[in-house]
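Everything below concerns the one structure shown next.
The values are calculated or read from the model by the stated rules, or taken from the named source; none is laboratory data. All figures in this text were calculated on a predicted structure; none of them were measured in a lab. Positions of Cβ are generated from backbone atoms using ideal geometry, with glycine treated the same way; all protein chains shown enter the neighbour counts.
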Amino acid sequence: MSSGARGAHLDEVYPTLPFKPVKGRGVWLEDEHGRKVLDFYGGHAVAALGYGHPRLSEAICRQAETLHFQSNVLPLAVRDEAAEKLAAFAPSGLDRVFFVNSGAEANENALRLALTVTGRSKIVAVEHGFHGRTAAAGAATWGAKKWYGFPRTPFDVVFVPRNDVAAMHAAVDDKTAAVIVEPVQGLAGAFDLATDFLRAARQACDRNDALLILDEVQSGIGRLGAPFGADLYRVQPDILTTAKGVAGGFPCGAVLMTPTIASQLSPGQLGTTFGGGPLACAAVVATIETIEQERLIDNVRELSALIRETCVVGPVHGVQGQGFLLGLKTTPPAAKVRDALLERNILVGTSTDPHVVRLLPPLILERQHVELLASALEEIGNAAL
Ligand SMILES: Cc1ncc(COP(=O)(O)O)c(C=O)c1O
(Lines give C-alpha, C1' and ligand atoms only; values in the text may rest on other atoms or scores of the structure.)
Protein backbone atom coordinates (compact mmCIF):
# COMPACT_ATOMS: atom_id res chain seq x y z
CA MET A 1 0.00 0.00 0.00
CA SER A 2 1.31 3.47 -0.85
CA SER A 3 2.05 5.91 1.98
CA GLY A 4 -1.13 7.96 1.45
CA ALA A 5 -3.68 5.19 0.77
CA ARG A 6 -6.41 3.87 3.03
CA GLY A 7 -6.88 0.14 3.67
CA ALA A 8 -9.52 -1.70 1.60
CA HIS A 9 -11.80 -2.60 4.51
CA LEU A 10 -12.31 0.78 6.15
CA ASP A 11 -15.55 2.56 5.40
CA GLU A 12 -15.03 5.68 3.36
CA VAL A 13 -16.82 8.30 5.42
CA TYR A 14 -13.64 10.31 5.89
CA PRO A 15 -11.82 12.11 3.12
CA THR A 16 -8.15 11.59 4.05
CA LEU A 17 -5.01 13.55 3.32
CA PRO A 18 -2.04 12.07 1.44
CA PHE A 19 0.23 11.37 4.41
CA LYS A 20 0.19 8.15 6.47
CA PRO A 21 2.11 8.50 9.72
CA VAL A 22 3.55 5.50 11.51
CA LYS A 23 5.01 7.34 14.49
CA GLY A 24 5.20 10.66 16.25
CA ARG A 25 7.60 12.50 18.54
CA GLY A 26 6.93 15.88 20.08
CA VAL A 27 5.06 17.91 17.45
CA TRP A 28 6.35 15.84 14.51
CA LEU A 29 4.69 12.95 12.70
CA GLU A 30 6.69 10.58 10.51
CA ASP A 31 5.69 8.12 7.78
CA GLU A 32 7.30 4.78 6.87
CA HIS A 33 9.65 6.53 4.42
CA GLY A 34 10.99 8.92 7.05
CA ARG A 35 9.01 11.95 5.80
CA LYS A 36 8.42 14.25 8.77
CA VAL A 37 5.40 16.52 9.05
CA LEU A 38 4.97 19.29 11.62
CA ASP A 39 1.58 18.84 13.25
CA PHE A 40 -0.42 22.03 13.74
CA TYR A 41 -3.65 20.05 13.97
CA GLY A 42 -3.14 17.55 16.82
CA GLY A 43 -5.65 14.97 15.57
CA HIS A 44 -8.59 17.43 15.94
CA ALA A 45 -7.20 19.15 19.08
CA VAL A 46 -6.55 15.91 20.94
CA ALA A 47 -2.76 15.51 21.20
CA ALA A 48 -2.37 18.22 23.86
CA LEU A 49 1.07 16.94 24.90
CA GLY A 50 2.15 16.06 21.38
CA TYR A 51 3.40 12.53 20.64
CA GLY A 52 5.41 10.22 22.85
CA HIS A 53 5.42 12.54 25.84
CA PRO A 54 7.25 10.44 28.45
CA ARG A 55 4.90 11.34 31.31
CA LEU A 56 1.80 10.34 29.36
CA SER A 57 3.34 7.17 27.92
CA GLU A 58 4.68 6.09 31.31
CA ALA A 59 1.35 6.74 33.06
CA ILE A 60 -0.57 4.69 30.49
CA CYS A 61 1.99 1.84 30.49
CA ARG A 62 2.17 1.74 34.28
CA GLN A 63 -1.61 1.64 34.59
CA ALA A 64 -1.87 -1.03 31.85
CA GLU A 65 0.48 -3.25 33.82
CA THR A 66 -1.21 -2.58 37.16
CA LEU A 67 -4.94 -2.73 36.36
CA HIS A 68 -5.98 -2.08 32.79
CA PHE A 69 -9.74 -2.05 33.35
CA GLN A 70 -12.50 -2.04 35.88
CA SER A 71 -15.97 -0.57 35.46
CA ASN A 72 -17.78 1.89 37.72
CA VAL A 73 -19.17 -0.95 39.78
CA LEU A 74 -15.94 -0.85 41.80
CA PRO A 75 -14.37 2.32 43.23
CA LEU A 76 -10.86 3.10 41.94
CA ALA A 77 -8.21 5.33 43.46
CA VAL A 78 -7.03 6.44 40.00
CA ARG A 79 -10.60 7.50 39.08
CA ASP A 80 -10.89 9.48 42.33
CA GLU A 81 -7.55 11.13 41.58
CA ALA A 82 -8.53 12.03 38.00
CA ALA A 83 -11.83 13.57 39.15
CA GLU A 84 -10.02 15.55 41.85
CA LYS A 85 -7.40 16.84 39.40
CA LEU A 86 -9.99 17.79 36.79
CA ALA A 87 -12.27 19.53 39.31
CA ALA A 88 -9.28 21.47 40.68
CA PHE A 89 -8.20 22.47 37.14
CA ALA A 90 -11.76 23.57 36.21
CA PRO A 91 -13.50 26.78 37.33
CA SER A 92 -14.40 26.58 41.01
CA GLY A 93 -17.88 25.31 41.79
CA LEU A 94 -17.86 22.53 39.20
CA ASP A 95 -16.93 19.97 41.80
CA ARG A 96 -18.63 16.85 40.46
CA VAL A 97 -17.27 14.89 37.53
CA PHE A 98 -18.93 12.18 35.43
CA PHE A 99 -16.44 10.52 33.09
CA VAL A 100 -17.49 9.33 29.63
CA ASN A 101 -15.63 8.42 26.42
CA SER A 102 -16.10 11.24 23.93
CA GLY A 103 -17.30 14.78 23.37
CA ALA A 104 -20.67 13.77 21.95
CA GLU A 105 -21.30 11.48 24.89
CA ALA A 106 -20.41 14.28 27.31
CA ASN A 107 -22.90 16.62 25.62
CA GLU A 108 -25.54 13.91 25.37
CA ASN A 109 -25.36 13.46 29.13
CA ALA A 110 -25.15 17.20 29.86
CA LEU A 111 -28.31 17.86 27.83
CA ARG A 112 -30.16 14.96 29.41
CA LEU A 113 -29.11 16.17 32.84
CA ALA A 114 -30.41 19.69 32.13
CA LEU A 115 -33.73 18.44 30.76
CA THR A 116 -34.14 16.08 33.72
CA VAL A 117 -33.30 18.44 36.56
CA THR A 118 -35.33 21.35 35.18
CA GLY A 119 -38.24 19.20 33.96
CA ARG A 120 -38.34 21.40 30.83
CA SER A 121 -38.25 20.57 27.12
CA LYS A 122 -36.42 23.31 25.24
CA ILE A 123 -32.73 23.85 24.49
CA VAL A 124 -31.26 27.10 23.18
CA ALA A 125 -28.14 26.69 21.01
CA VAL A 126 -26.08 28.99 18.80
CA GLU A 127 -25.92 29.15 15.01
CA HIS A 128 -22.78 27.51 13.58
CA GLY A 129 -22.21 25.59 16.84
CA PHE A 130 -21.12 21.93 16.79
CA HIS A 131 -21.83 19.57 19.68
CA GLY A 132 -21.46 16.06 18.23
CA ARG A 133 -23.21 13.46 16.12
CA THR A 134 -25.39 11.57 18.61
CA ALA A 135 -29.15 12.19 18.94
CA ALA A 136 -29.16 15.01 21.49
CA ALA A 137 -25.78 16.57 20.68
CA GLY A 138 -26.67 16.52 16.97
CA ALA A 139 -30.06 18.11 17.67
CA ALA A 140 -28.28 21.10 19.23
CA THR A 141 -25.81 21.30 16.33
CA TRP A 142 -26.37 23.99 13.71
CA GLY A 143 -27.00 22.66 10.20
CA ALA A 144 -27.28 19.03 11.36
CA LYS A 145 -30.36 18.46 9.18
CA LYS A 146 -27.99 17.51 6.33
CA TRP A 147 -26.69 14.46 8.16
CA TYR A 148 -28.75 14.06 11.34
CA GLY A 149 -30.35 10.77 10.34
CA PHE A 150 -32.85 10.51 13.21
CA PRO A 151 -36.55 11.01 12.31
CA ARG A 152 -37.04 13.76 14.90
CA THR A 153 -35.08 15.65 17.54
CA PRO A 154 -35.58 14.59 21.16
CA PHE A 155 -36.43 18.14 22.37
CA ASP A 156 -37.28 21.59 21.01
CA VAL A 157 -34.28 23.59 19.86
CA VAL A 158 -34.01 27.29 19.12
CA PHE A 159 -30.86 28.57 17.44
CA VAL A 160 -29.68 32.09 18.20
CA PRO A 161 -27.49 34.07 15.76
CA ARG A 162 -23.91 34.46 16.94
CA ASN A 163 -23.26 37.48 19.14
CA ASP A 164 -26.90 38.61 19.03
CA VAL A 165 -27.46 39.54 22.66
CA ALA A 166 -31.10 40.58 22.17
CA ALA A 167 -31.90 37.30 20.39
CA MET A 168 -30.32 35.35 23.24
CA HIS A 169 -32.48 37.17 25.78
CA ALA A 170 -35.57 36.66 23.64
CA ALA A 171 -34.92 32.93 23.09
CA VAL A 172 -34.47 31.90 26.72
CA ASP A 173 -37.80 31.59 28.56
CA ASP A 174 -39.47 29.58 31.30
CA LYS A 175 -39.62 26.50 29.05
CA THR A 176 -35.86 26.53 28.52
CA ALA A 177 -33.88 23.79 30.23
CA ALA A 178 -30.48 25.03 29.09
CA VAL A 179 -28.40 27.13 26.77
CA ILE A 180 -25.53 25.19 25.21
CA VAL A 181 -22.64 27.12 23.68
CA GLU A 182 -18.95 26.70 22.76
CA PRO A 183 -17.01 29.77 24.00
CA VAL A 184 -14.91 29.56 20.84
CA GLN A 185 -16.72 27.70 18.06
CA GLY A 186 -14.18 25.13 16.92
CA LEU A 187 -15.48 23.45 13.79
CA ALA A 188 -16.91 26.79 12.63
CA GLY A 189 -13.31 27.99 12.21
CA ALA A 190 -12.22 29.02 15.73
CA PHE A 191 -14.85 31.75 15.81
CA ASP A 192 -14.56 33.45 19.20
CA LEU A 193 -17.92 34.57 20.51
CA ALA A 194 -18.10 38.00 22.15
CA THR A 195 -17.76 38.14 25.92
CA ASP A 196 -21.01 40.16 26.10
CA PHE A 197 -22.86 37.43 24.25
CA LEU A 198 -21.57 34.70 26.56
CA ARG A 199 -22.45 36.78 29.60
CA ALA A 200 -25.91 37.46 28.15
CA ALA A 201 -26.41 33.70 27.96
CA ARG A 202 -25.53 33.46 31.67
CA GLN A 203 -27.91 36.32 32.57
CA ALA A 204 -30.75 34.91 30.47
CA CYS A 205 -30.34 31.55 32.21
CA ASP A 206 -30.32 33.19 35.64
CA ARG A 207 -33.48 35.16 34.90
CA ASN A 208 -35.34 32.04 33.79
CA ASP A 209 -33.89 29.38 36.12
CA ALA A 210 -32.34 27.65 33.12
CA LEU A 211 -28.88 26.05 33.09
CA LEU A 212 -25.83 27.20 31.15
CA ILE A 213 -23.83 24.40 29.51
CA LEU A 214 -20.42 25.38 28.18
CA ASP A 215 -19.23 22.90 25.57
CA GLU A 216 -15.48 22.96 26.06
CA VAL A 217 -14.84 19.71 24.25
CA GLN A 218 -12.47 21.48 21.86
CA SER A 219 -11.70 24.72 23.75
CA GLY A 220 -10.90 23.20 27.17
CA ILE A 221 -7.82 21.84 28.94
CA GLY A 222 -5.57 24.83 28.41
CA ARG A 223 -6.09 25.23 24.67
CA LEU A 224 -7.38 28.80 24.92
CA GLY A 225 -4.43 29.98 27.03
CA ALA A 226 -6.55 29.50 30.16
CA PRO A 227 -7.69 26.24 31.76
CA PHE A 228 -11.13 26.69 30.16
CA GLY A 229 -13.07 29.31 28.19
CA ALA A 230 -15.13 29.79 31.35
CA ASP A 231 -11.97 31.20 32.99
CA LEU A 232 -10.97 33.30 29.99
CA TYR A 233 -14.37 34.96 29.61
CA ARG A 234 -15.29 34.84 33.31
CA VAL A 235 -18.56 33.12 32.59
CA GLN A 236 -19.55 30.51 35.14
CA PRO A 237 -21.46 27.54 33.68
CA ASP A 238 -23.70 25.16 35.62
CA ILE A 239 -22.43 22.28 33.50
CA LEU A 240 -19.20 22.09 31.51
CA THR A 241 -18.32 19.35 29.06
CA THR A 242 -14.83 18.47 27.92
CA ALA A 243 -13.09 15.69 25.95
CA LYS A 244 -10.41 15.75 23.21
CA GLY A 245 -7.23 16.88 25.02
CA VAL A 246 -8.36 15.88 28.52
CA ALA A 247 -6.43 12.60 28.41
CA GLY A 248 -3.87 13.67 25.79
CA GLY A 249 -5.17 11.21 23.19
CA PHE A 250 -6.58 8.38 25.26
CA PRO A 251 -10.37 8.38 24.62
CA CYS A 252 -12.05 10.26 27.45
CA GLY A 253 -14.73 12.86 28.02
CA ALA A 254 -16.19 14.41 31.13
CA VAL A 255 -19.27 16.25 32.36
CA LEU A 256 -18.51 18.64 35.20
CA MET A 257 -21.40 20.00 37.23
CA THR A 258 -22.22 21.89 40.38
CA PRO A 259 -22.90 19.89 43.56
CA THR A 260 -26.49 21.26 43.47
CA ILE A 261 -27.11 19.60 40.10
CA ALA A 262 -25.30 16.44 41.16
CA SER A 263 -27.46 16.19 44.28
CA GLN A 264 -30.59 15.93 42.09
CA LEU A 265 -29.32 12.79 40.40
CA SER A 266 -30.10 9.38 41.74
CA PRO A 267 -27.94 6.29 41.24
CA GLY A 268 -28.50 4.76 37.82
CA GLN A 269 -29.61 7.98 36.11
CA LEU A 270 -26.30 8.28 34.27
CA GLY A 271 -24.12 5.37 33.26
CA THR A 272 -21.36 4.05 31.02
CA THR A 273 -19.27 0.87 30.82
CA PHE A 274 -15.96 2.30 29.67
CA GLY A 275 -16.18 5.88 30.97
CA GLY A 276 -13.86 6.48 33.92
CA GLY A 277 -11.78 3.40 33.11
CA PRO A 278 -8.36 3.27 34.77
CA LEU A 279 -6.29 3.86 31.61
CA ALA A 280 -8.27 6.99 30.72
CA CYS A 281 -8.06 8.24 34.30
CA ALA A 282 -4.28 7.68 34.53
CA ALA A 283 -3.97 9.64 31.28
CA VAL A 284 -6.11 12.50 32.65
CA VAL A 285 -3.90 12.78 35.74
CA ALA A 286 -0.68 12.76 33.67
CA THR A 287 -2.05 15.28 31.15
CA ILE A 288 -3.22 17.84 33.71
CA GLU A 289 -0.08 17.47 35.85
CA THR A 290 2.10 17.99 32.78
CA ILE A 291 0.17 21.06 31.63
CA GLU A 292 0.63 22.55 35.10
CA GLN A 293 4.24 21.54 35.70
CA GLU A 294 5.51 22.49 32.24
CA ARG A 295 3.56 25.76 32.38
CA LEU A 296 1.99 24.96 29.04
CA ILE A 297 -0.80 27.50 29.42
CA ASP A 298 1.80 30.30 29.48
CA ASN A 299 3.39 28.71 26.41
CA VAL A 300 0.04 28.75 24.59
CA ARG A 301 -0.47 32.44 25.37
CA GLU A 302 3.03 33.44 24.24
CA LEU A 303 3.07 31.46 21.02
CA SER A 304 -0.51 32.35 20.13
CA ALA A 305 0.58 35.99 20.19
CA LEU A 306 3.56 35.09 17.98
CA ILE A 307 1.27 33.35 15.47
CA ARG A 308 -0.93 36.46 15.34
CA GLU A 309 2.15 38.64 14.82
CA THR A 310 3.96 36.57 12.20
CA CYS A 311 1.48 34.39 10.33
CA VAL A 312 -0.66 37.03 8.65
CA VAL A 313 1.37 36.60 5.47
CA GLY A 314 0.94 35.05 2.02
CA PRO A 315 -2.60 33.65 1.71
CA VAL A 316 -3.57 34.72 5.26
CA HIS A 317 -5.24 38.08 5.85
CA GLY A 318 -6.40 37.75 9.44
CA VAL A 319 -6.59 35.55 12.54
CA GLN A 320 -9.56 34.68 14.75
CA GLY A 321 -9.92 32.52 17.84
CA GLN A 322 -7.94 32.29 21.05
CA GLY A 323 -4.81 30.52 22.26
CA PHE A 324 -4.14 27.42 20.20
CA LEU A 325 -7.66 27.31 18.79
CA LEU A 326 -6.99 29.67 15.92
CA GLY A 327 -8.50 30.31 12.53
CA LEU A 328 -6.27 31.73 9.82
CA LYS A 329 -8.53 33.67 7.47
CA THR A 330 -7.42 32.97 3.93
CA THR A 331 -8.02 34.78 0.67
CA PRO A 332 -7.82 31.57 -1.44
CA PRO A 333 -9.92 28.55 -0.39
CA ALA A 334 -8.69 27.14 2.92
CA ALA A 335 -8.46 23.62 1.48
CA LYS A 336 -5.92 24.83 -1.09
CA VAL A 337 -3.84 26.50 1.61
CA ARG A 338 -3.97 23.30 3.69
CA ASP A 339 -2.81 21.23 0.71
CA ALA A 340 -0.01 23.67 -0.10
CA LEU A 341 1.15 23.56 3.54
CA LEU A 342 1.10 19.75 3.58
CA GLU A 343 3.27 19.76 0.45
CA ARG A 344 5.69 21.77 2.62
CA ASN A 345 5.36 19.23 5.46
CA ILE A 346 3.03 21.19 7.74
CA LEU A 347 -0.34 19.71 8.74
CA VAL A 348 -3.24 22.09 9.44
CA GLY A 349 -7.00 21.62 9.34
CA THR A 350 -9.94 23.23 7.60
CA SER A 351 -13.34 24.13 9.09
CA THR A 352 -16.94 24.66 8.01
CA ASP A 353 -15.90 28.15 6.88
CA PRO A 354 -14.33 27.58 3.43
CA HIS A 355 -11.91 30.47 3.99
CA VAL A 356 -10.58 29.52 7.42
CA VAL A 357 -7.64 27.21 8.08
CA ARG A 358 -7.78 25.81 11.62
CA LEU A 359 -4.72 25.53 13.86
CA LEU A 360 -5.00 23.18 16.85
CA PRO A 361 -1.36 22.41 17.67
CA PRO A 362 -0.12 20.50 20.70
CA LEU A 363 0.36 22.77 23.72
CA ILE A 364 4.09 21.89 23.70
CA LEU A 365 4.66 23.79 20.45
CA GLU A 366 7.87 25.87 20.30
CA ARG A 367 8.82 29.23 18.75
CA GLN A 368 10.83 27.53 15.98
CA HIS A 369 7.68 25.70 14.83
CA VAL A 370 5.75 28.95 14.49
CA GLU A 371 8.67 30.32 12.45
CA LEU A 372 8.44 27.31 10.11
CA LEU A 373 4.71 27.93 9.62
CA ALA A 374 5.21 31.64 8.96
CA SER A 375 7.92 31.03 6.37
CA ALA A 376 5.90 28.28 4.63
CA LEU A 377 2.93 30.68 4.35
CA GLU A 378 5.21 33.37 3.01
CA GLU A 379 6.63 30.97 0.42
CA ILE A 380 3.14 29.87 -0.66
CA GLY A 381 2.15 33.49 -1.20
CA ASN A 382 -1.23 34.34 -2.60
CA ALA A 383 -1.11 34.27 -6.35
CA ALA A 384 -0.48 30.59 -7.08
CA LEU A 385 -3.59 29.19 -5.33
C1 LIG B 1 -17.16 21.64 20.49
C2 LIG B 1 -17.34 20.17 20.22
N3 LIG B 1 -18.28 19.49 20.89
C4 LIG B 1 -18.44 18.17 20.70
C5 LIG B 1 -17.68 17.47 19.79
C6 LIG B 1 -17.88 15.99 19.60
O7 LIG B 1 -16.81 15.30 20.14
P8 LIG B 1 -16.51 13.76 19.74
O9 LIG B 1 -16.09 13.77 18.32
O10 LIG B 1 -15.43 13.34 20.70
O11 LIG B 1 -17.77 13.01 19.95
C12 LIG B 1 -16.69 18.14 19.08
C13 LIG B 1 -15.85 17.42 18.09
O14 LIG B 1 -15.22 17.97 17.24
C15 LIG B 1 -16.51 19.53 19.29
O16 LIG B 1 -15.58 20.23 18.63
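Results, tabulated for the structure shown:
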{"read-out": "Count - residues of region 182-204 that are out of contact with any strand residue (DSSP E or B) (no Cβ under 6 Å at 6 or more places or on another chain) and away from the ligand (no atom under 16 Å from the Cβ)", "value": "8"}
{"read-out": "Residue in region 261-269 that is of a type outside the set (A, V, I, L, M, F, W, C), part of a loop (DSSP other than H, G, I, E, B), in the same structural domain as residue 223 (by TED's automatic domain parsing) and closer than 25 Å to residue 66 by Cα present", "value": "no"}
{"read-out": "Top-ranked residue of region 65-119 - restricted to ones that are of a type in the set (Phe, Trp, Tyr) and under 21 Å from the mean Cα position of the chain (by Cα), ranked as nearest to the ligand (Cβ to nearest atom)", "value": "99"}
{"read-out": "Residue identified as closer than 23 Å to residue 303 by Cβ, free of Cβ contacts under 8 Å to residues at least 40 places away in the same chain and assigned by TED's automatic domain parsing to the domain that holds residue 94 among 220, 229, 245", "value": "220"}
{"read-out": "Any chance residue 106 is farther than 29 Å from residue 137 by Cβ and of a type in the set (Gly, Ala, Ser)", "value": "no"}
{"read-out": "Residue in region 160-171 that is closer than 24 Å to residue 93 by Cα and either away from the ligand (no atom under 16 Å from the Cβ) or in contact (Cβ under 8 Å) with a residue 40 or more places away in the chain (or both) present", "value": "no"}
{"read-out": "Tabulated pairs, region 339-362, first without any contact (Cβ under 8 Å) to a residue 24 or more places away in the chain, second not aliphatic (A, V, I, L, M), C-beta under 8 angstrom, 6+ apart or interchain", "value": "350/338; 350/358; 354/333"}
{"read-out": "Residue 380 buried (at least 19 other Cβ atoms within 10 Å of the Cβ) and within 30 Å of residue 60 (Cβ to Cβ)", "value": "no"}
{"read-out": "Number of the condition not met by residue 195 [criteria: (1) within 17 Å of the chain's Cα centre (by Cα); (2) closer than 25 Å to residue 356 by Cα]", "value": "(1)"}
{"read-out": "Single condition residue 247 does not satisfy, out of (1) away from the ligand (no atom under 12 Å from the Cβ); (2) out of contact with any Gly (no Cβ under 7 Å at 6 or more places or on another chain); (3) modelled with pLDDT of 95 or more", "value": "(1)"}
{"read-out": "For residue 133: the one exception among (1) surrounded by fewer than 19 Cβ atoms within 10 Å (Cβ to Cβ); (2) at negative phi; (3) more than 15 Å from the chain's Cα centre (by Cα); (4) within 16 Å of the ligand (Cβ to nearest atom)", "value": "(3)"}
{"read-out": "Residue list for region 205-220, filter: in contact with a strand residue (DSSP E or B) (Cβ under 7 Å, 6 or more places away or on another chain) and more than 22 Å from residue 355 (Cβ to Cβ)", "value": "205, 208, 210, 211, 212, 213, 214, 215, 216, 217, 220"}
{"read-out": "When residues of region 308-333 are limited to those that are of a type in the set (A, V, I, L, M) and free of Cβ contacts under 8 Å to residues at least 60 places away in the same chain, the one surrounded by the fewest Cβ atoms within 10 Å (Cβ to Cβ)", "value": "312"}
